[in-house]
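Structure first, commentary second.
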Amino acid sequence: MADMTLEMVQASQAGMKALGAAIAVGATGIATGIAEMSIGSAAVGATAENKDIFGLALLFVVIPETIVIFGLVVALLLLF
Amino acid sequence: MFTPEDMSKVLVVAPKDQIEAVVKKLYSLNLFHIEDYVEQEEEGYEGYRIGMPLPHGSDTSRELLKLRAVTNAIAVQADDVSQKERIASSRLRSRIEQDLPSVEEEVESLLNRRSRLEAEAKEIEQVIETLSPFANVAVDLDLLRGYDNLAVFAGYINAKPDLDVPHEVLTASSKSGNLLILWVSAGYRNEAERALLDAQFQAVPIPDESGMAQDRVHYYKGKLSDVEKEIEGVNHALDSLKEKHQGFLVACDELLSTDAEMAEAPLRFATTDNAFLAEGWIPGKDVHTFIEGMSVATGGRAFATELAIDMEKDVIPVEYDNTSFAKPTEFLMDIYSRPKYTEIDPTLMVSIIFPIFFGLILGDVAYGLLVLALALGLRKVITGDEGQMLLKILRNAGISSIIFGFLFSEFLGFGIPGIEPLLPNRHLSIGHGGGHGPAVPELMMMTVWIGILHITLGRIFGIVNHARQDHGKHRTLAVLANVGWLLVMYGILIAILSMFALPLMPDLTGWPAVMAGLTMPAFIGLGMLIVGVLFIVRDSALEIVELPTILSHVLSYARIVGVGLSSVAIAGVVNLIAIGMLIEPQLEHLTAFGVVIIIVGAVVFIIGHILNTILGMLGGGLQSMRLHYVEFFTKFYKGGGKKYDPFGMIKKFSED
């Protein structure tokens with residue numbers, strides 16, 4: 001560690017930031033996917049039974065999207 | 001504009017002999033939303049029964065059923081017919097009596113002939129199937145059956161059967177296996193059967209034909225093609241019949257449907273021994289014409305009057321009342337839910353804000369032009385009211401994308417030369433390095449502002465809704481609760497601003513600390529927060545759990561930047577691959593192979609940008625809709641209004 005130059009430290013910091021941003025988007029994306037999985041299948045089933053609730057069903061499905069948006073916000077703030 | 005069409009409740013009472021005249025008038029007015037009469041035991045409803053259909057009703061229904069059977073069989077659809085001129089009802093009625101039966105008969109006889117021919121074709125196919133195993137057998141089929149003292153077996157077999165009784169064998173191999181024909185004396189039938197069974201014999205039926213099998217197959221194939229030709233002829237005749245009569249048939253369908261609908265209307269009225277009552281809704285502005293029309297149509301024998309509306313009990317049907325600009329957006333509203341009669345109809349706000357959000361997300365001149373071209377080009381292809389509404393929404397979204405494309409200075413992901421972006425920069429430095437990249441903090445703050453303003457608007461609508469709908473103490477509490485939500489939101493904002501200086505926000509950090517390191521704005525913000533929470537709790541303590549949504553809903557508008565930047569990034573990557581990696585290097589030393597690569601690059605460029613436009617349309621449309629449905633509507637909108645569906649029909653093919 002002792003023989004690291006300043007440039008190397010800066011570069012590794014930038015790399016860590018990029019990794020952090022990637023984890024933020026990736027993990028929240030997976031989480032959103034898992035959450036929307038069961039809501040989505042239930043919503044499609046409910047819409048098949050009664051077409052009128054499509055709007056409400058869509059609303060339920062997109063609620064977990066907020067998670068990945070937060071991930072994206074964090075990632076963008078990390079990078080820029 | 002912000003309220004649905006004003007509705008009036010009206011009652012029509014007339015003697016029973018006027019029922020037909022009244023129904024006819026109601027139908028032609030196309031204004032009266034019938035409130036179905038339900039038989040009930042309540043006080044004041046004794047003696048009323050549901051009415052009987054008009055006398056010609058069952059005949060009309062039968063006629064309609066027959067007509068539908070014919071139109072279904074030859075696939076006549078009203079949407080495919082473009083009628084230049086409408087047929088007068090009286091002429092149509094006489095044609096229904098004179099011409100319709102002959103047309104129906106003609107179609108039916110053709111249909112019968114076709115099904116007979118199809119059955120015949122099926123039979124012939126079956127015969128060919130039984131004959132086909134014997135196609136390679138060089139023996140007259142007569143020799144395979146009709147014996148008194150011989151048993152004949154025919155079938156596929158793999159090994160030679162082990163048979164020790166006198167017999168005669170003939171084999172013929174074909175693609176489907178080895179055919180074996182075996183003759184034995186009738187007395188040895190059982191032994192032969194056992195031996196064949198041991199050799200895994202699969203019997204096939206012996207055809208009831210004479211002559212060589214091959215010739216017979218040939219003969220039947222000829223016959224089959226004759227029958228098929230005949231079926232084709234019948235289909236052709238049906239097609240030309242359809243071509244000739246479809247305008248007439250859809251007009252008949254329309255007329256008979258209206259007749260049937262009119263005949264069944266009394267089923268929705270209340271009747272006594274000598275009179276009937278029809279209750280329903282009409283737009284307030286039409287009350288006068290309605291009452292007058294009723295009296296004229298019956299020679300003054302029908303009584304129509306406006307009734308008082310009971311806001312608690314009555315379910316008032318809702319008809320939008322919007323300017324023509326906002327009309328298409330009613331489609332987006334109906335997907336969610338039609339507004340209730342008493343609440344604010346936000347269609348106009350949605351019709352303005354939806355394209356703005358869409359434009360902020362897509363924000364590219366070229367993509368905007370593509371969306372606009374798509375919306376205009378599909379106008380002829382997609383018929384139907386809902387499709388047209390959707391295309392108009394798309395058209396507005398496309399125009400908005402072009403405007404925001406100029407504001408962001410973007411064209412297919414490139415900057416527009418000579419135009420500095422007026423809004424925070426979204427250009428990504430993909431491939432070329434350098435450049436200062438997108439102004440993410442400014443973009444974020446921009447979306448936070450959009451969110452705060454959008455939510456404030458929603459809360460103001462909420463205040464108006466509660467002030468209008470609720471009564472007494474609850475009304476004050478509900479209004480204050482909405483004020484409380486606003487106080488909490490702005491309180492948090494001021495408190496944050498007093499500690500951090502953020503771009504695009506007023507700087508409140510410069511104030512001197514008053515107490516415990518906190519400045520004056522911080523105290524104001526905290527005060528607003530506490531008062532706001534108190535207002536909320538007074539209305540409903542459970543709402544406390546919803547407090548974090550203030551933060552999450554405002555930050556949710558960051559999706560405008562997130563989705564927008566991702567579409568810019570995809571555009572940049574497409575440009576890098578197509579131009580930077582494929583086309584540019586080849587242009588330096590042009591070779592024959594290089595030209596191919598350049599063409600590949602052009603294809604990548606075109607497909608990539610088309611895909612990105614589709615993605616952008618989906619993303620831009622869905623995310624903007626979601627921001628309205630989840631973040632905006634939850635602040636004030638309940639929905640669940642009943643659709644105003646007047647009794648009557650706009651005739652397309654016939655006229656009175």
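Throughout, read-outs are computed from the coordinates displayed, never taken from laboratory work. Computed from a predicted model, the values in this text were never measured in an experiment. Heads up, the Cβs are rebuilt from the backbone with ideal geometry, glycines too, and the neighbour counts pull from every protein chain shown.
At 0.36 nm per residue, and after removing the present C-alpha to C-alpha distance, how many nm does the segment from B:ASP80 to B:LYS66 gain when stretched out fully? Before the final figure, lay out each step's value.
Details: separation 14, 0.36 × 14 = 5.04 nm, distance 2.07 nm.
So the extension gain works out to 3.0 nm.
Kindly write out, for the range B:483-492 in residue order, the coupling ³J(HN,Hα) from the Karplus curve 6.51 cos²θ - 1.76 cosθ + 1.60 (θ = phi - 60°), rounded to whole Hz, with x marking Gly and Pro.
Karplus-based 3J(HN,Hα) across the range B:483-492 equals 4, x, 4, 5, 4, 4, 4, 6, x, 4 Hz.
State the answer as a single residue: which of B:HIS589, B:VAL217, B:ASN112 lies farthest towards the positive end of the charge dipole of the protein assembly as shown, with beta carbon charges of +1 for Lys and Arg and -1 for Asp and Glu, about the Cα centre.
B:HIS589
222 nm [θ] for chain A, helices only, -39500 (n - 2.57) per DSSP H run of 4+, per residue, to 500?
Values: 3 runs with 68 residues, N = 80.
After summing the helix terms and dividing by the residues of chain A, the value is -30000 deg cm²/dmol.
Report, in listed order, any pair from B:LYS340/B:LYS473; B:LYS285/B:LYS643; B:LYS242/B:LYS327; B:LYS16/B:LYS340; B:LYS24/B:LYS643 with a Cα-Cα distance greater than 26 Å. Let's see the in-between values first.
Numbers: B:LYS340/B:LYS473 22 Å; B:LYS285/B:LYS643 18 Å; B:LYS242/B:LYS327 37 Å; B:LYS16/B:LYS340 35 Å; B:LYS24/B:LYS643 23 Å.
Pairs exceeding the cut-off: B:LYS242/B:LYS327; B:LYS16/B:LYS340.
How high is the relative contact order of chain B, in percent, with contacts defined as C-alpha pairs under 8 Å that are six or more residues apart?
21
Going 7 Å from the Cα of B:SER185 along its beta-carbon direction, which residues of the range B:144-170 have the amide nitrogen within less than 12 Å of the resulting point?
Inside the label zone: B:149-151, B:165-167.
Could you tell me the calculated FRET efficiency between B:TRP449 and B:VAL381, based on Cβ-Cβ distance and R0 = 51 angstrom, to the nearest 0.05?
Values: r = 40 Å, r/R0 = 0.78.
Efficiency, from the Cβ-Cβ distance: 0.80.
Name the residues of the range B:318-346 whose amide N is less than 18 Å from a point 7 angstrom out from the Cα of A:ASP52 along the C-beta direction?
Residues B:318-320, B:331-343 fall inside that zone.
Calculate the spin-label point distance for B:ASP314 paired with B:ASN178, positioning each point 7 Å from the Cα along the beta-carbon direction, and give it in nanometres.
Result: 9.1 nm between the two label points.
Dipole magnitude of the range B:29-114 about its Cα centre, charges +1 at Lys/Arg Cβ and -1 at Asp/Glu Cβ only, in debye to the nearest 20? All intermediate terms of the calculation are to be shown ahead of the outcome.
On the way: 11 positive and 18 negative charges, 170 e Å.
I would put it at about 820 debye.
Hey, what number do you get for chain B at 222 nm if only DSSP H runs of n ≥ 4 count, each worth -39500 (n - 2.57), divided across all residues, to the nearest 500? Mind dumping the intermediate values first?
Details: 17 runs with 348 residues, N = 656.
The per-residue figure over chain B is -18500 deg cm²/dmol.
Name the chymotrypsin sites (Phe, Trp or Tyr not before Pro) in the range B:12-106 that are in a loop by DSSP and that have at most 13 other C-beta atoms within 10 Å, would you?
Details: sites: B:TYR27, B:PHE32, B:TYR37, B:TYR45, B:TYR48; in loops: B:PHE32, B:TYR37, B:TYR45, B:TYR48.
Answer by residue number: B:TYR45.
If we count GluC sites (Glu not before Pro) as exposed when they sit in a DSSP loop and have at most 15 other beta carbons within 10 Å, what is the longest stretch of chain B that avoids them all?
On the way: sites that count: B:GLU39, B:GLU41, B:GLU42, B:GLU43, B:GLU46, B:GLU85, B:GLU312.
Segment B:313-656 is the longest.
Would you kindly derive the ³J(HN,Hα) couplings of the range B:437-442 from the backbone phi angles with the Karplus curve 6.51 cos²θ - 1.76 cosθ + 1.60 (θ = phi - 60°), listing them in order in whole Hz, with x for Gly and Pro?
Running phi through 6.51 cos²θ - 1.76 cosθ + 1.60 with θ = phi - 60° gives x, x, 8, 4, x, 5 Hz.
What aspartates and glutamates does B:LYS652 reach when the alpha-carbon gap must be under 13 Å and sequence neighbours fewer than 8 apart in one chain are set aside?
Partners found: B:ASP79, B:ASP80, B:GLU85, B:ASP253, B:GLU254.
Name the residues whose placed amide hydrogens come within less than 5 Å of the amide hydrogen of B:PHE647, ignoring near sequence neighbours (fewer than 5 apart) on the same chain.
Here B:LEU31, B:PHE32, B:HIS33, B:ILE34 satisfy the definition.
Please compute the average number of Cβ atoms from other chains found within 10 Å of each residue's Cβ in peptide B:579-590. Working shown, then result.
Working: counts 0, 0, 0, 0, 0, 0, 0, 0, 0, 0, 0, 0.
Taking the mean over all residues of the peptide, I get 0.
Whole-Hz ³J(HN,Hα) for each residue in the range B:365-373, computed from phi via Karplus 6.51 cos²θ - 1.76 cosθ + 1.60 with θ = phi - 60°, x for glycine and proline: what do you get?
My calculation for the range B:365-373 gives 4, 5, 5, x, 5, 4, 4, 4, 4 Hz in order.
Taking +1 at the Cβ of each Lys and Arg and -1 at the Cβ of each Asp and Glu, which of B:PHE653, B:THR347, B:SER566 sits farthest along the dipole of chain B towards its positive end, judged by Cα position relative to the Cα centre?
Working it through, the farthest residue towards the positive pole turns out to be B:SER566.
Can I get the semi-axes of the range B:551-646's equivalent ellipsoid? Compute them from the C-alpha gyration tensor as square roots of 5 times the eigenvalues, in angstrom, largest first.
Three semi-axes, in Å: 45, 17, 5.
Give me the inter-chain shielding for A:67-80: mean count of other chain Cβ atoms within 10 Å, whole number please. The partial results should precede the final answer.
Values: counts 1, 2, 11, 5, 1, 7, 9, 0, 2, 9, 4, 1, 3, 10.
Taking the mean over all residues of the peptide, I get 5.
Along the Cα-to-Cβ line of B:ALA467, 7 Å from the Cα, sits a label point; which residues in the range B:335-350 have backbone N less than 12 Å from it?
none
What are the radius of gyration and Dmax of the range B:130-220, computed over its Cα atoms and given in Å?
My reading of the Cα-based Rg and Dmax gives 12.9, 40 Å.
From the square roots a ≥ b ≥ c of the eigenvalues of the alpha-carbon gyration tensor of chain B, which class results: rounded (a/c under 1.5), prolate (a/b over b/c), or oblate? Before the final figure, lay out each step's value.
Values: a/c = 2.51, a/b = 1.41, b/c = 1.78.
Taking the square roots of the gyration eigenvalues as a ≥ b ≥ c, chain B is oblate.
Just how many % of Cα pairs in the protein assembly as shown lie over 42 Å apart, if you round to the nearest whole percent? Intermediate values should be presented prior to the final figure.
Numbers: 155529 of 270480 pairs.
Counting every Cα pair in the protein assembly as shown, those more than 42 Å apart make up 58 percent.
What average number of partner chain Cβ atoms lie no more than 10 Å from the Cβ of the residues making up B:442-450? Walk me through the intermediate numbers first.
Values: counts 1, 2, 4, 0, 0, 1, 0, 0, 0.
Mean partner shielding for this stretch: 1.
Would you pull out the residues with amide H under 5 Å of B:SER174's amide H, same chain only if 5 or more places away, H placed 1.01 Å from N?
So B:SER174 has HN proximity to B:LEU179.
Extension gain B:SER115-B:ILE34, at 0.36 nm per residue separation less the Cα-Cα distance, in nm? Mind dumping the intermediate values first?
Values: separation 81, 0.36 × 81 = 29.16 nm, distance 4.47 nm.
Length difference between fully extended and current span is 24.7 nm.
Check which residues have an amide H placed less than 5 Å from B:LEU150's amide H, if you skip close sequence neighbours.
Those lying under 5 Å, H to H, from B:LEU150 are B:ALA186.
Size of the dipole of the range B:330-385 about the Cα centre, Lys and Arg at +1 and Asp and Glu at -1 on the beta carbon, nothing else charged, in debye to 20? Walk me through the intermediate numbers first.
On the way: 4 positive and 6 negative charges, 33 e Å.
Magnitude of the dipole: close to 160 debye.
On full extension of the chain, what length is gained from B:LEU576 through B:LEU407, given 0.36 nm per residue of separation minus the C-alpha to C-alpha distance? Walk me through the numbers before you get to the answer.
Working: separation 169, 0.36 × 169 = 60.84 nm, distance 2.33 nm.
This chain segment gains 58.5 nm when fully extended.
Using only the Cα atoms of the range A:19-79, build the gyration tensor, take square roots of its eigenvalues as a ≥ b ≥ c, and label the shape rounded, prolate or oblate: rounded if a/c is under 1.5, else prolate if a/b is larger than b/c, else oblate. Kindly include the intermediate steps, with their values, before the conclusion.
Working: a/c = 6.36, a/b = 2.86, b/c = 2.22.
Judged from the Cα gyration tensor, the range A:19-79 comes out prolate (a/c at least 1.5, a/b above b/c).
Pick out, in residue order, every one of the chymotrypsin sites (Phe, Trp or Tyr not before Pro) in the range B:282-344 that is DSSP loop and has at most 13 other C-beta atoms within 10 Å; say none if there are none. Mind showing how you got there, number by number?
Working: sites: B:PHE290, B:PHE303, B:TYR320, B:PHE325, B:PHE331, B:TYR336, B:TYR341; in loops: B:TYR320, B:PHE325, B:TYR341.
Those that pass, being in a loop and sparsely packed, are B:PHE325.
Only Cα pairs under 8 Å and at least 6 apart count here; give the relative contact order of the range A:31-73 as a rounded whole percent. Write down the numbers at each step before the final one.
Details: 23 pairs, mean separation 21.7, N = 43.
So the answer I get is 50 percent.
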